[in-house]
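The structure appears right after this line, and notes come after that.
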Amino acid sequence: NGQMIVQSRPGSVKQSKATKNSGFDFGRASRTSKAIRSALFPLLRDFQDAAFYRRLTGIVTNATLAGNSSPSGKRSLQDGDLSLMANTDCNTSSPFSKYCQVEADGGLQDNRLALSLPEIAISEQLVRLPNASHATLSYLVVAIDPLTLNETHAELFELPLSFADQSTPAVAWLTQQLPENQLLLIASAVFYFRKNKLAGLIGLNHKDCH
């Protein structure tokens, strides 16, 4: 206990080309994950759990490598298995599916993304938080350049709901023209509010519910 151990200085370790290429792929996956988190801020805000950045980096890495025929060291998420990114929750303590049973439908039409929601039975398809009088269903569409990882397009669609209503009619949205050959992300969130006669709508989301 308290003993000093003297060691010799380790010699340099040479990395093989395969190891270096693998490191490039992992590094790019990490940077891609960071770009995605930044692009999703309008929905994430500060409500993600503490482990989300590590969890997302792992998911992006797996998706980048899965089924990717590009040479090692030159692999990007766009050429991987994007289905592995589906249904990724930013907060495991409150999965989106726990609060919202509304299923959106979407598809590309002439480089524009069409999003639609069916008629919503509010009390059946949306969990009501205590004291919540209103909610907003939000859908974020983001395009990221797979080479520079810069955000090249972003649009936010919102559907305000009142828990005093039984249902809301179907709705359809259409994005502006999207840039080609981009990584396209679609994310959703439910924002809850209580109404105050003086302060208006007060947000109720927090780290344990988002």
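If you check 139, 99 for being under 14 Å from the mean Cα position of the chain (by Cα) and under 21 Å from residue 203 (Cβ atoms), only one passes: 139. Taken as a whole, the structure places residue 107 among residues that are of a type in the set (Gly, Ala, Ser) and open to solvent by less than 40 Å² (accessible area, probe 1.4 Å). Here is a list: 15, 48. Which entry is modelled with pLDDT under 85 and not in a helix (DSSP H, G or I)? Of the residues listed, the single one that is modelled with pLDDT under 85 and not in a helix (DSSP H, G or I) is 15. With the requirement that a residue be aliphatic (A, V, I, L, M) and over 26 Å from residue 67 (Cα atoms), what does segment 79-121 give you? Correct list: 102, 104, 114, 115, 117, 120, 121.
Contact map, segment 80-105: first residue modelled with pLDDT of 90 or more and part of a loop (DSSP other than H, G, I, E, B), second residue open to solvent by 60 Å² or more (accessible area, probe 1.4 Å) and hydroxyl-bearing (Ser, Thr, Tyr), Cβ cut-off under 8 Å, separation 6 or more or different chains; pairs are 87/97. Condition first: more than 23 Å from the chain's Cα centre (by Cα) and under 28 Å from residue 77 (Cα atoms). Can you find one or more residues in segment 154-172 that meet it? Checking segment 154-172: not a single residue is more than 23 Å from the chain's Cα centre (by Cα) and under 28 Å from residue 77 (Cα atoms). Taking segment 121-210 as the region of interest, the strands (runs of 3 or more DSSP E) fully inside it that hold 2 or more residues being of a type in the set (D, E, K, R) are 151-162, 183-196. Note on segment 75-98: among residues that are open to solvent by 30 Å² or more (accessible area, probe 1.4 Å) and touching a strand residue (DSSP E or B) at 6+ places or on another chain (Cβ under 9 Å), the one that is nearest to residue 40 (Cα to Cα) is 88.
Within segment 129-144, being surrounded by 13 or more Cβ atoms within 10 Å (Cβ to Cβ) and modelled with pLDDT under 95 holds for one residue alone: 129. Scanning segment 186-201 for residues that are open to solvent by 50 Å² or more (accessible area, probe 1.4 Å) and out of contact with any Ser or Thr (no Cβ under 7 Å at 6 or more places or on another chain) yields 186, 196, 197, 198, 199, 201. Taken over segment 26-45, residues that are free of Cβ contacts under 8 Å to residues at least 60 places away in the same chain, polar (S, T, N, Q) and either surrounded by fewer than 18 Cβ atoms within 10 Å (Cβ to Cβ) or outside any helix (DSSP H, G or I) (or both) amount to 1.
The values are calculated or read from the model by the stated rules, or taken from the named source; none is laboratory data. Owing to the predicted nature of the structure, the values given are computational and were not obtained by experimental measurement. Don't worry about glycine lacking a Cβ; one is built from the backbone with ideal geometry, like all the others, and counts go over all protein chains shown. Note: accessible area is taken over every heavy atom of the protein model, side chains too, but ligands, DNA and RNA are not part of it. Shrake-Rupley method; radii C 1.70, N 1.55, O 1.52, S 1.80 Å.
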